[in-house]
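Here is the structure we will look at.
No value in this document is a laboratory result; all are computed from the given coordinates. What you are looking at is a predicted structure, and each value in this text was computed from that prediction instead of being measured. As a convention, Cβ positions derive from the backbone with ideal geometry for all residues, glycine included, and neighbour counts pool all protein chains shown.
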Amino acid sequence: MPVKIAFLFPGQGSQYVGMGRELVDRFPEAGDIFKQVDDICGRPISRLCYEGPMEELTLTVNLQPAVSAVNLACLAALSKAGVSASVSAGHSLGEYSALTSAGVITPYDALRLVKKRGELMHREAMANPGAMAAVVGMEIEKVMEIVTRSVDKGVIAIANHNSAQQIVISGEKEVLSYAVDLVKKEGAKAIPLQVSGAWHCSLMKNAVGDFRQFMQEISFKRPKTTILLNATAGSEDDPEKIKDIMARQLISPVKWYDIILEMMRDGVDIFVEVGPKKVLTGLLNKIIPKESDSKIYNVEDLKSLDTFIEALR
């Protein structure tokens, strides 16, 4: 029976200076990705990945194409090594790399999409300032109750359901502060996140229509392999419906916990984080039971790629 492999692609927060540089030396295909991102953005995103500075790399308009380029470079290296996934998913921004993995869009179009997405999110963050906080040590039902108690004070929503007891809330600063106080009174932790906007809530709503319109010029194909989508935690085959879901993703919660549970139910044997750092690996270690036979790897550079390929032999 063949091994079932899942590719998981990280999003914002996974960046570091130097990411992706090693892959270019061995894989011309990875170099092509970085040339494309520089061309699409009209500025040296590749240099920011390789050399920084971190302050410039972390700007949303640079960060979204930068992390995506590294994800796609890692994916290209895996493809060159003859490894593909039977199911893919990406965390927020990482979903565009997952769409590429599943054959829905080309790497070039993925980079075009994340460039536009970054510009629109930056625009809305400037027009509608907000903040985000990670709630740790509280179940989703309790967080939802706190959000419900806070919503009459302004915009607030659950942005990410990352694991059973790690949930991110997003909204206007004052109402978020009120919700954070409620969380602390219940004995859980609430950690402010260093982000430039309130993602995955209605403060981004004015970007949805513009982004959906931009997608009209991008060709989406039916997935060749399964992709589980953030906003639904389910799969979808219809290209136009995928576009609608991806536009709504800007204001919808990332159902990451449900996605991983679905992969486990589907019998995934190997989970591979494809892209910089090990943020998703950390979440997997919180979700997958210790007694599970599933294996977890990450591929972000030559050493981790070689380790994973060797393990498959």
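Details
- Relative packing of peptides 13-25, 274-286 - highest average C-beta neighbours within 10 Å first: 274-286, 13-25
- Between 0 and 90°, nearest 10: helix 302-312 axis offset from the chain longest Cα axis: 80
- Scalar couplings 3J(HN,Hα) for the stretch 177-183, obtained by applying the Karplus form with A = 6.51, B = -1.76, C = 1.60 to θ = phi - 60°, are 4, 4, 5, 4, 4, 5, 4 Hz; x denotes Gly and Pro.
- The value of relative contact order for the stretch 130-192, using C-alpha pairs under 8 Å at least six residues apart, is 47 percent.
- Across Lys116/Lys243; Lys35/Lys80; Lys4/Lys241; Lys153/Lys184, pairs whose alpha-carbon gap is larger than 20 Å: Lys4/Lys241
- Shape of the stretch 123-229, Cα gyration tensor, a/c cut at 1.5: oblate
- For the chain, the relative contact order works out to 23 percent when only alpha carbon pairs closer than 8 Å and six or more residues apart are counted.
- Think of the chain as a dipole: +1 on every Lys or Arg Cβ, -1 on every Asp or Glu Cβ, centred on the Cα centre; then among Ala66, Val24, Ile105, Ala66 lies furthest on the positive end.
- Using a Förster distance of 51 Å, the FRET efficiency for Lys303-Asp152 (Cβ separation, nearest 0.05): 0.50
- Highest mean first, the peptides 140-150, 111-121, 239-249 sorted by other C-beta atoms within 10 Å per residue fall in the order 111-121, 239-249, 140-150.
- Both the radius of gyration and Dmax for the stretch 170-251 are 16.9, 49 Å, in that order, over alpha-carbon atoms.
- Under 5 Å, built H, 5+ apart or other chain: amide partners of Asn298: Glu273
- Residues Thr225 and Asp32, FRET efficiency given R0 of 30 Å [Cβ-Cβ distance, rounded to 0.05]: 0.85
- Sorted on the mean count of surrounding Cβ atoms within 10 Å across their residues, most packed first, peptides 208-219, 250-261 read 250-261, 208-219.
- The eigenvalues of the Cα gyration tensor, multiplied by 5 and square-rooted, give the chain an equivalent ellipsoid with semi-axes of 29, 23, 19 Å from largest to smallest.
- For the stretch 245-313, the convex hull spanned by the alpha carbon atoms encloses 120 Å³ per residue.
- Using Cβ point charges alone (K and R +1, D and E -1), the dipole size of the chain about the Cα centre works out to roughly 120 debye.
- Volume of the Cα convex hull of the stretch 130-192, divided per residue and given in Å³: 60
- Computed [θ] at 222 nm, deg cm²/dmol, the chain (DSSP H ≥ 4; -39,500 (n - 2.57); rounded to nearest 500): -15000 deg cm²/dmol
- For the stretch 106-121, putting each phi into the Karplus relation 6.51 cos²θ - 1.76 cosθ + 1.60 with θ = phi - 60° gives couplings of 7, x, 4, 5, 4, 5, 4, 5, 6, 4, 5, 4, x, 5, 5, 5 Hz, in residue order, rounded to whole numbers and with x for Gly and Pro.
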